[in-house]
1. So which residues in segment 25-56 are among the small types (Gly, Ala, Ser), in contact with a helix residue (DSSP H, G or I) (Cβ under 8 Å, 6 or more places away or on another chain) and without any contact (Cβ under 8 Å) to a residue 12 or more places away in the chain?
2. I want to confirm something. Restricting to segment 18-51 and keeping residues that are among the aliphatic types (A, V, I, L, M) and over 23 Å from PRO8 (Cα atoms), which single residue is surrounded by the most Cβ atoms within 10 Å (Cβ to Cβ)?
3. Within segment 14-24, is even one residue in contact with a helix residue (DSSP H, G or I) (Cβ under 8 Å, 6 or more places away or on another chain), in contact (Cβ under 8 Å) with a residue 40 or more places away in the chain and assigned to a helix (DSSP H, G or I)?
4. So in segment 40-86, with the set limited to residues that are among the β-branched types (Val, Ile, Thr) and part of a helix (DSSP H, G or I), which one is modelled with the lowest pLDDT?
5. With the structure loaded, tell me whether ARG78 is surrounded by 11 or more Cβ atoms within 10 Å (Cβ to Cβ) and either basic (Lys, Arg) or touching a residue at least 60 places away in the same chain (Cβ under 8 Å) (or both) or whether it fails that test.
6. Of the residues LEU36, LEU20, only one is modelled with pLDDT under 95 and farther than 30 Å from GLU85 by Cα; which?
Amino acid sequence: MPLDIRMPIGLMFGIIGGLLVVYGLLSPAAIYQRSLGLNLNLWWGLVLLVFGGVMLALGRRGRATPRPTPEAKAIEEREHRLGLER
């Protein structure tokens, strides 16, 4: 089973983003005076969570097996009849 690289990347960014969001929500506002009062931990945590979610969604979509088209089924049946299949 080949591992799609988007799955562990999405999981890693999701975990780090979740930790940053929790820290941003629980930390005192006084530590954000140097960043002009912006809660950068919260905002970047949300960005990382979204990116991790997109990577996980793309990884799951990439693992889906494609449905054979009617043309592919016809070719497969013809090869089976003629004994050409591998």
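The values are calculated or read from the model by the stated rules, or taken from the named source; none is laboratory data. Given the structure is predicted, the values throughout are model-derived calculations rather than measurements. Here Cβ is always computed from backbone atoms with ideal geometry, including for glycine, and neighbour counts include all displayed protein chains.
1. Of segment 25-56, the ones among the small types (Gly, Ala, Ser) are 27, 29-30, 35, 37, 45, 52-53.
Filter once more, so that each one left must be in contact with a helix residue (DSSP H, G or I) (Cβ under 8 Å, 6 or more places away or on another chain): 27, 37, 45, 52-53.
Result: GLY37, single match.
2. In the first step, residues of segment 18-51 are kept if they are among the aliphatic types (A, V, I, L, M); the result is 19-22, 25-26, 29-31, 36, 38, 40, 42, 46-50.
Restricting the remaining residues to those that are over 23 Å from PRO8 (Cα atoms) gives 25-26, 29-31, 36, 38, 40.
Working: LEU25: 11, LEU26: 8, ALA29: 8, ALA30: 7, ILE31: 10, LEU36: 7, LEU38: 10, LEU40: 13.
Restricting to residues being among the aliphatic types (A, V, I, L, M) and over 23 Å from PRO8 (Cα atoms), the top hit is LEU40.
3. Checking segment 14-24: at least one residue is in contact with a helix residue (DSSP H, G or I) (Cβ under 8 Å, 6 or more places away or on another chain), in contact (Cβ under 8 Å) with a residue 40 or more places away in the chain and assigned to a helix (DSSP H, G or I).
4. Looking only at segment 40-86, we keep the residues that are among the β-branched types (Val, Ile, Thr), and these are 47, 50, 54, 65, 69, 75.
Still in the running and part of a helix (DSSP H, G or I): 47, 50, 54, 75.
Values: VAL47: 98, VAL50: 98, VAL54: 96, ILE75: 87.
Only one residue tops the list, namely ILE75.
5. On the way: surrounded by 11 or more Cβ atoms within 10 Å (Cβ to Cβ): yes; either basic (Lys, Arg) or touching a residue at least 60 places away in the same chain (Cβ under 8 Å) (or both): yes.
Yes.
6. Values: LEU20 fails: modelled with pLDDT under 95.
Result: LEU36 is the single residue among LEU36, LEU20 that is modelled with pLDDT under 95 and farther than 30 Å from GLU85 by Cα.
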